[in-house]
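Just below is one structure, and these are the notes that go with it.
Read-outs throughout are calculated quantities, based only on the coordinates presented, and are distinct from any laboratory measurement. Here the structure is a predicted model, which means the values were calculated and not measured. Counting neighbours? That spans all protein chains shown, and the Cβs are built from the backbone with ideal geometry, glycine included.
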Amino acid sequence: MRAKVLDRTATVVLTLIALLIVGTLVGLLGFILSQGWHKLTLDFLTSAPDIVNAGGGVGPQLFNSIYLLVLTMLIALPLGIGAGIYMAEYAPDNKFTQFIRLSIEVLSSLPSIVVGLFGLLVFVNMTGWGYSLLSGALALTVFNFPLLVRITEDALRNVPRSQKEASLALGITKWRTIVSVILPAALPGIITGVILASGRVFGEAAALLFTAGMSSPNLNFTDFSLNSPTSPLNPFRPAETLAVHIWKVNSEGLTPDARDVADGAAAILVLAVLLFNLGARWFGSWLYKKMTSGTN
Amino acid sequence: MQAGTTVDTIIQTRNVSVYYGEKRAVSNINMDIERNSVTAFIGPSGCGKSTLLRSLNRMNDLVPNCRVTGSIVVDGIEVNSDKINIEGLRQVVGMVFQRANPFFKSIYENIAFAPRFHGMRDKRELDEVVERSLRKAALWDEVKDRLHESALSLSGGQQQRLCIARAIAMQPTILLLDEPASALDPISTMKIEELVLELKEEYTIVIVTHNLHQAARISDKTAFFLMGELVEMNDTSKIFTAPENKKTEDYISGRFG
C-alpha cells in the first residue's frame, strides 16, 4: 500500500516538474514574442540602427550574428570534431589523456566574460586586429570547443563496437573506418552538439563585448570584397551581434524607442535560434539518411 | 592429433598461446586446417575457441593488453608478425560475427563498401559483385527489389546472411564464423547451415559453435577445446562416435559444459 502511494506521488510530482518547465518555456517565449511582435517588419529587420532618433533597425546586427556563427563554426567544427575523434579513437588510456580531459573540463567551466577578457588580451591586442569578427569567432571557439569535443567523443563512443569490428575485419583501414562507418553512424549526436553550440553562439554577449566589439561600421551590402572596411564579409571589421545590441540598447540606449528596439531584437533572436534549430535538425536527418542508406 | 602429411594445409598453428594481460586464455595450440574443409571449434564457454579464431585474422589487435605468441601460417604467410599487412590479411581471411552487425547503410552499400575501398570503382562491376555475393548468401531473391533500403530493415537471419555476403564479396579464401547462428531462430539457423555447406566448395571455413548438433551436421573436422587447450581434433564423425579422449566423450555426451 505504501509503495503504491509513493509510486503515485512520484508520478504526480515528476509530472508537475515537467509542466513547470514547459510552462516557463511557453511563458517566456510568449512574453518575448508578444512584446517584440510589432517590431517584426521588413524595415526593422533590414535597416541600420539609429543612435539618437527613433525608428532604427537591427539589420547589420542580425547579419553579424549569422556571419559570426558561420565563421565560428568554420573554425570550431574541424577542431572540435578532430579532437573528439582523437579522444574517442586514438587517445591511449594514460595520465596524459586524463590531463587532456581535465583541461577540457576546466575550459568548459570558464565563465564567458573571462573567455571574453582572454580574447581581448590575445585575439584583439596581441594579434593587433582590434575588435573584429575573427577575434570574436576565436573567442567563441574557445568557449564552444569543450562542448564540441565532449559531444563528438560521446557520439562516437555510442556507436556499437561491432560496427568498427565489421569494417576492420573487411580489411578497411582505421581512418577509413572512422570516416565512413563510425562518423556517419554518430551523426545524429554530433548534429545535436552543433545545434547546442550554435545556440550559445547566437545568444552569447559577454564573450563578444571585448572581442567582436560593441559597434558595427556602416555596412555596404553591395560590397563583398574581403578587405574593404565597409564590406559585410570582411572578417577584420568590428561587429556588434544581436545579443550584444540588446544588452547595449538596454543599458545605454539613447533613443526614445530603446525599449522597443530591445524587445524587437529579442524576439528576432529567439526566432532566429528556433529557425536555426529546426533547419539544422532537418538538415541533420537528411544527411543521416543520405549517408546511412544512400548509395554514396 | 592428425599427422596430415599429404593434405593441403591452409592454416597451420604452432605453439600458439593468447594472453589477456597476465591471464593465459589459449595455451600452445598446434593444429592444421585443410583447404576447402569445414572445421568446427567446440567447447564450453571461456575455453578459448573464439579467442583462437580471432587471432587467425588479427582481430585480437583490437583488444587492449592482448598478446599472441607462437606461429600462425595462413596460406603460406606468417600472420603473427609485425611485418604483415593486416588489411591484406583480412581480405584473404573474412569474418562473420556472433551478432549480425550490418553497417548503418543500405543493403547494396553494405556489400559494395569494402570492394570499393579496395579499388573497385566501376559501377557495373560493383553491381555484379553485389548480386553475386547476395546470390551466394541465398539472400538475393529476398532483397533484390529493395537494395537501397537500410540494411537494418532486414530480419535478424537476413542480416546475418547479409554479413556473410559482405564477407564473401571480398573473395576471401578463408571464412571465420564466430557462432554465426547463436542469436538466430531455428529456421534462420538452418539456412545458415545450408549456406555453410554450399560455401565449403569455394572457401575454407572455420566455425565456432556452441551447438554440438550443428558441428556434427556441417563440419568435416572438429576441434574440442577445454580451458584454453586443444584436447582433441579429428574427423567429425570420429569425434562424435569414437572420441579418443575421455574429456571429449564427457563433453559431447553432455556430462558437462
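Candidates B:33, B:180, B:214 compared by Cα position along the dipole of chain B: farthest toward the positive end lies B:180, with charges placed on Cβ.
Round to a whole angstrom and tell me the spacing of the C-alpha centers of segment A:256-274 and segment B:172-201. First find each Cα centre; the distance between them is then 65 Å. Annotation: the residues B:59, A:1, A:214, sorted from fewest to most other C-beta atoms within 10 Å of their own C-beta, follow the order A:1, A:214, B:59.
Of the peptides A:89-95, A:198-204, the ranking by mean beta-carbon count within 10 Å, highest at the top, reads A:198-204, A:89-95.
Across the cross-link table entries A:164/B:136; B:144/B:191; A:290/B:49; B:105/B:191; A:164/B:221; A:289/B:200, which are compared at the Cα atoms, the separations over 29 Å belong to A:290/B:49; A:164/B:221; A:289/B:200.
Computed about the Cα centre, the dipole magnitude for chain B is approximately 520 debye when only Lys and Arg (+1) and Asp and Glu (-1) carry charge, each at its Cβ. Which of rounded, prolate or oblate describes the protein assembly as shown when judged by the alpha-carbon gyration tensor and an a/c cut-off of 1.5? Since a/c reaches 1.5 and a/b is larger than b/c, the shape of the protein assembly as shown is classed as prolate. Counting charges near residue B:50 (Lys, Arg +1; Asp, Glu -1) among other residues having Cβ under 12 Å from its Cβ returns a value of 0.
Sorting B:204, A:41, A:222, A:46 from the fewest to the most surrounding beta carbons within 10 angstrom yields A:222, A:41, A:46, B:204. Among beta bridges identified by DSSP and lying wholly in the protein assembly as shown, the antiparallel ones come to about 60 percent. Pull out a ≥ b ≥ c, the square roots of the eigenvalues of the alpha-carbon gyration tensor of chain A, then state rounded if a/c is under 1.5, prolate if not and a/b is larger than b/c, and oblate in the remaining case. Oblate shape, in that a/c is at least 1.5 and b/c is the bigger or equal ratio.
If Lys and Arg each add +1 and Asp and Glu each add -1, what is the summed charge of the other residues whose beta carbon sits under 15 Å from the beta carbon of residue A:77? Spelling it out: positives minus negatives among the neighbours equals +1. Beta-bridge orientation, segment B:9-252: approximately 60 percent antiparallel, per DSSP, counting only bridges with both partners inside.
Rounded to the nearest 20, the Cβ-based charge dipole of segment A:40-293 about its Cα centre (Lys and Arg +1, Asp and Glu -1) stands at 1080 debye.
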